[in-house]
Every structure is written in C-alpha cells, then in structure tokens.
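For reference, the structure is listed below as structure tokens.
The values are calculated or read from the model by the stated rules, or taken from the named source; none is laboratory data. This is a predicted model, so every value here is computed, not measured. FYI the Cβ positions are ideal-geometry reconstructions off the backbone, even for glycines, and counts take in every protein chain you see.
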Amino acid sequence: MSDAAVAIQNLQVTVHQQNQTKVILDNVDLTIAPGDFVTVLGTNGAGKSTLFNAIAGNLPATGRVQLAGVDVTTMSAIQRARYIARVFQDPKLGTAGRMTVAENLVLAQHRGERRTLAGRHLEAARPRLKKEAAQFGNGLEDLLDSPTETLSGGQRQSLALLMAVQKDPALLLLDEHTAALDPHTSAQLMALTDRVIKERHLTALMITHRMDDALKYGNRLIVMESGHLKADYNAASKAKLQRADLLEFFD
Amino acid sequence: MSIVVSAIGQGLLWGILGIGLFLTFRVLDFPDMTVEGSFPLGASVSVAAITHGVDPLLSLVLAFGAGMLAGLATGLLYTKGKVPVLLAGILVMTALYSINQHILGRANLSLLNQPNLFKNKLLAALPPYFDSVFVGVGAIIVIAGLLMWFLQTNLGQAFIATGDNEIMAQSLGVHTDAMKNMGLMVANGLVGLSGGLIAQNNGYADVNQGIGVIVIGLAAIIIGEVVFGELTLNQRLIATALGSILYRFVLLIVLGLGFGDEDLKLISAVVLAVMLMVPTFEQRFKMKQALKKGLEMTKEADSHE
C-alpha cells in the first residue's frame, strides 16, 4: 500500500463528556490513490470534520495515518503542515487579514519549512504571484498589496486555495470551503478548485453539504454517518449515482 | 528650550519601551504585563552591574539579556503552562519585584560617583540634555532598523502571521509557540534596555520604577496611531517612538498647568484613556455626519417630488 497517497488505518477519536466516553470517529480505514479527488458527504455530527481534524493532527486520535508513504502518526499538526494543506469554511481563517495578498502567498510558499532570517524576496516573486492570482479571474492579481481583510469572501477563499496549493501538498483538505459564499461565487470557486486539482495532480478530500457539488466533482464519493464510513463510491459507481440515491442517507 | 530638549530625550529613551511593547501588544496582539517587571529589572541589572565595575555600555547588554529572560519566563508560562497571558505577565512581574530588590540589594541604588553612559566624554561635551537625545536617536535608529529588517525575513513574516491569524500560521507549519516566546523575549529585552538607559540617565535605579510603565508604553503606541493614522508596519515603529516624544510634551503641558509629580500616574492614565477613546468618538462623529447627510438627501429628494 506504499503507493497510496493516503493510507488511514483504525483511525479513532473519542471524547469524554460528563464521565461518558463517546466515540465520534470509529475505526475508520481509508486508502486514497494519488490524484484522487474524494468528496465527503454526511449529516452534521457524522464525523466529517472530526476525520479532517484527526488527519491534520488537530485532535488526539488513535490509529495510523500515512501520507505519500510517510508515517505522520506521531507528528503534531504543525509538523504535518509539510504534507497537508487545508482550506477552511470561514474565509477569515485561511488568510492573515492584516497582511497583504502577496505576503500571504509568500508565507504559504514556505509551508512546513523552517522559517529563517533569509529575506522573503517579495519583489522577485511578484511576477509569478501576479500570474498565479490572475487565473481566478476575480481581480485578485490587482490586489497583491492590499491587506486580505479588505477582500471579498470569494477573493479571500480563492487566495486561501491558492495558498494551499503553493507547494503541491501530499493531501489537500477542503473543509466546506465554498459554504460561506453566495451560489455564484461558490460555483466559480468550485470550478476553479477542480481545475487546480487536475492541473497539479493533487490528492484531495472535500467536505461539502451541496449534494450537486459532491456528484459533479471528484472521482470518488464517501458518505459518513455516526463516525463510520457508510458508503464508498468509486469513479464508475459515482458516475451512475443520482441525487435521489444519496438522499436516503439524509433521512 | 532645555525643557523641550529634555522631553525629546526622555521621549526617545522611553520610546524603546514603546517599540518593545508594540511587538507584543500590536504585532502578537496580546497585553504583556511583564514589562512592569522587566523595566525595573533592566534598570536594576544595569545599575548593579555598573556599581560592580562593569562598563556602562556592557551593563545595557546585560539589561537587555535580563529582560529577555523575563520575557521567556512569561512565554513559557503562557505557551507551555497554558496560563492565560495576562496572568502569566502579572506573575512574572510580581516575582521580579523581589528579584529586583535582591539585584539592587536594597530598594534603590544611586550611580553617584560611578561611571555612566551619559558621563562619557563625547556626550558630556554636548549642551545639557542633548546627551539623551543623542543616545535616544542612535538607539532608536539601530533598534528600528534591525526590527524592520527582521520583519521582512521569512522568520519575521511568520512572527507577524502568528499574531495576525494563529490558526492559519499553524496550518502553514509555523511553530506559533516559538514565535510568541521569541516575541516576548525581544520585546522584554527592549523594555529592559529602556529601563537600563533611563536608570543611567536618571542616575539611579528604584524597585518601584516599573509601576505604570505599561501605560506609558501604550500611550506612545496609541498616540502614534492617533496622530499619524494609517501606516505600514515599519512606519508604525517610528510612529511609536514619535508618539513617545509627543506623550512627553503632553506631560509638560499638563505639569505646566500646575499639577505636581504626584499626579503623574493619574495624568498618564487619563491621557491614555482619552487617546484610546478617540477612534470610537471619531467614528461616531463620522457616522453622525453621514446620517445627517443622508437625511438631508432624502429631504431634498422629497422636496423634488
């Protein structure tokens, strides 16, 4: 299984509340091939975010996590940043608001690296950053020197996505990254996400509540329910999948 | 005239404290109470070292180092001990009160008949009070220059990002705890240096010298922001030093009105409180203006119908 992009074994998360132990992620096994774009569906409390947090190392979990052949199980969330990039639902979380767009991008360029006293070389990077920002078609390339807090939600999320893929992470986690946007902007960002993932051959997991997005994008779909993987559709079966088939999971 | 020169000199020396505080209060975005202990610590270390025969300039390096240790203590309590940062600072500040007495061996120690940076031949040759201006300008240029360089490095950017958005910084692999510790160390190092310089300028160190210094440092930052408005991060470092000078002028004016030295702390607090409220009032004023304008426009529209 060493050629898998992601290999998760027996991943379990338990929480203790009022002397009760509750399993919120129950022995999840998940193997993802390189270049796969997996959409994740499930009701609230199904364990989708918990799965992401456990993979990213933000939650104490038992089990094993391997990314691109590297065992990251004992690594902290900060150490795992070398392999995992994440785009959050809240546009405010993904970028540093008081820093400019260019500063944020340069910061992301050094994901997981030791931060040294070497200069950031913003000016040298500018032409490349401008070109990368331009592919969104939302004017981001003209805002390189603006603090990101002055950006629109859509611009901020596309910047967060661009930052996440700066260093081609072994795994891209998209945590409902279009949920806070209006339908039009959301559709735009989704199309862009899909393009970026394909162009860069990234392996990605995407949580979404938009069933149409889950069906339209990606080549694999998993459904979670009360901490388990309830269903797993590969590319062929996903292509045949209808909206109605999925609705039964949400009764 | 000499009163104004003296105020500028004092403002510059205190400006170092303001710049130190800027790193924690504005960049890392949390209040660091340690400064009330690291300021007299720097003063005590510098003065005690000089009385033990250490060169005055070298004593300032020791003051800087002592301040860094104080910052590290607060940082470790905060990042590793998970003590809330405000409380961590108060704990260290309180502990330092005793430590400073031990360093001085008593409650205050004079530099009478001792060497002193300001008794240096070159500085002594300057007209009265110009020595502190000279030293202050030199120190601010070096410190601000180093910080400006640092903030543009990858490490400096990671430091800024930690204060701006900790979750994002972590998700990019920045060791945010290390950044906070580093910030607290550099900040309190600068505060200690400021304490050492002011003690040498005053000619003594006193364990009670730290009371209220956080208000003075914050006043420098806030006055700089209120007076100079929107600036880049680099410019804000200089604005803080200038704010510190302006604060001295405010004090001069207030003292000129007949208030005594015993009123100084009350005045500092009032000055800071007023400065902190300026943006709120300004906004409310602007909103009123906008509201008025809006009303007039609707009225006009009505009358045209």
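Numbers below:
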{"read-out": "Search result, residues across the range A:186-209 that are in contact (Cβ under 8 Å) with a residue 24 or more places away in the chain, surrounded by fewer than 16 Cβ atoms within 10 Å (Cβ to Cβ) and among the small types (Gly, Ala, Ser)", "value": "none"}
{"read-out": "Test: B:ILE140 is buried (at least 19 other Cβ atoms within 10 Å of the Cβ), within 14 Å of chain A (Cβ to nearest Cβ), among the hydrophobic types (A, V, I, L, M, F, W, C) and under 22 Å from the mean Cα position of the chain (by Cα)", "value": "no"}
{"read-out": "The range A:49-76: number of residues that are closer than 22 Å to A:PRO34 by Cα and facing another protein chain (nearest Cβ under 9 Å)", "value": "1"}
{"read-out": "Which listed residue is under 18 Å from B:MET185 (Cβ atoms), touching a Lys or Arg at 6+ places or on another chain (Cβ under 6 Å) and not acidic (Asp, Glu), from B:THR24, B:THR79", "value": "B:THR79"}
{"read-out": "Selection within the range A:105-114 - surrounded by fewer than 23 Cβ atoms within 10 Å (Cβ to Cβ) and either over 15 Å from the mean Cα position of the chain (by Cα) or more than 7 Å from chain B (Cβ to nearest Cβ) (or both)", "value": "A:VAL106, A:GLN109, A:HIS110, A:GLY112, A:GLU113, A:ARG114"}
{"read-out": "Among residues of the range B:78-107, those that are closer than 15 Å to B:PRO31 by Cβ and under 22 Å from the mean Cα position of the chain (by Cα), counted", "value": "11"}
{"read-out": "Where A:LEU202 falls short, out of the listed (1) at pLDDT 95 or above; (2) outside any loop (DSSP other than H, G, I, E, B)", "value": "(2)"}
{"read-out": "Residue check, B:GLY42 modelled with pLDDT of 95 or more, surrounded by 18 or more Cβ atoms within 10 Å (Cβ to Cβ) and farther than 14 Å from B:LEU190 by Cβ", "value": "no"}
{"read-out": "Condition met for B:ALA199 (crowded, with 24+ Cβ neighbours inside 10 Å, in contact with a strand residue (DSSP E or B) (Cβ under 9 Å, 6 or more places away or on another chain), at negative phi and not in a helix (DSSP H, G or I))", "value": "no"}
{"read-out": "Residues located in the range B:14-54, provided they are more than 25 Å from B:PHE249 (Cα to Cα), hydrophobic (A, V, I, L, M, F, W, C) and in contact with a strand residue (DSSP E or B) (Cβ under 6 Å, 6 or more places away or on another chain)", "value": "B:VAL47"}
{"read-out": "Among the candidates A:ALA164, A:ALA160, A:ALA102, residue that is over 24 Å from A:PHE37 (Cα atoms), in a helix (DSSP H, G or I), more than 8 Å from chain B (Cβ to nearest Cβ) and in contact (Cβ under 8 Å) with a residue 40 or more places away in the chain", "value": "A:ALA102"}
{"read-out": "Flag if B:LEU184 is under 19 Å from the mean Cα position of the chain (by Cα) and within 12 Å of chain A (Cβ to nearest Cβ)", "value": "no"}
{"read-out": "Filter result (outside any helix (DSSP H, G or I), surrounded by 18 or more Cβ atoms within 10 Å (Cβ to Cβ) and either at the interface with chain B (Cβ under 7 Å from one of its Cβ atoms) or of a type in the set (D, E, K, R) (or both)) within the range A:83-97", "value": "A:ARG86, A:THR95, A:ALA96"}
{"read-out": "Considering residues of the range A:170-185 that are assigned to a loop (DSSP other than H, G, I, E, B) and crowded, with 22+ Cβ neighbours inside 10 Å only, the residue nearest to the chain's Cα centre (by Cα)", "value": "A:HIS177"}
{"read-out": "Candidate set: the range A:210-236, residues that are farther than 21 Å from A:ASN53 by Cα and of a type in the set (Asp, Glu); chosen: the one surrounded by the fewest Cβ atoms within 10 Å (Cβ to Cβ)", "value": "A:ASP212"}
{"read-out": "Subset tally (residues that are touching a residue at least 40 places away in the same chain (Cβ under 8 Å) and assigned to a helix (DSSP H, G or I)) for the range A:105-119", "value": "4"}
{"read-out": "Count - residues of the range A:133-154 that are away from every other protein chain (no Cβ under 14 Å), assigned to a helix (DSSP H, G or I) and surrounded by 16 or more Cβ atoms within 10 Å (Cβ to Cβ)", "value": "6"}
{"read-out": "Helices (runs of 4 or more DSSP H) fully within the range B:105-169 counting 1 or more residues that are under 30 Å from B:MET1 (Cα atoms)", "value": "B:121-124, B:130-151"}
{"read-out": "Matching residues, the range B:146-175, being surrounded by fewer than 21 Cβ atoms within 10 Å (Cβ to Cβ), out of contact with any strand residue (DSSP E or B) (no Cβ under 9 Å at 6 or more places or on another chain) and either basic (Lys, Arg) or more than 7 Å from chain A (Cβ to nearest Cβ) (or both)", "value": "B:LEU146, B:MET148, B:PHE150, B:LEU151, B:GLU166"}
{"read-out": "Residue in the range B:195-211 that is within 14 Å of another protein chain (Cβ to nearest Cβ) and under 15 Å from the mean Cα position of the chain (by Cα) present", "value": "no"}
{"read-out": "Checklist (1) more than 9 Å from chain B (Cβ to nearest Cβ); (2) more than 17 Å from B:GLY156 (Cα to Cα); (3) without any contact (Cβ under 8 Å) to a residue 60 or more places away in the chain; (4) outside any loop (DSSP other than H, G, I, E, B) applied to A:GLU123, failing item", "value": "(2)"}
{"read-out": "Test set (1) touching a residue at least 24 places away in the same chain (Cβ under 8 Å); (2) buried (at least 16 other Cβ atoms within 10 Å of the Cβ); (3) farther than 22 Å from A:LEU246 by Cβ - A:GLY35 fails condition number", "value": "(2)"}
{"read-out": "Residue ranges of strands (runs of 3 or more DSSP E) in the range A:5-49 with at least 2 members within 18 Å of A:GLY69 (Cα to Cα) and of a type in the set (Val, Ile, Thr)", "value": "A:6-17, A:20-32"}
{"read-out": "Any hit, the range A:22-44, residues being at the interface with chain B (Cβ under 10 Å from one of its Cβ atoms) and either modelled with pLDDT of 95 or more or within 20 Å of A:ALA160 (Cα to Cα) (or both)", "value": "no"}
{"read-out": "Verdict on B:GLY75 being outside any loop (DSSP other than H, G, I, E, B), more than 23 Å from B:ILE198 (Cα to Cα), touching a residue at least 40 places away in the same chain (Cβ under 8 Å) and of a type outside the set (A, V, I, L, M, F, W, C)", "value": "yes"}
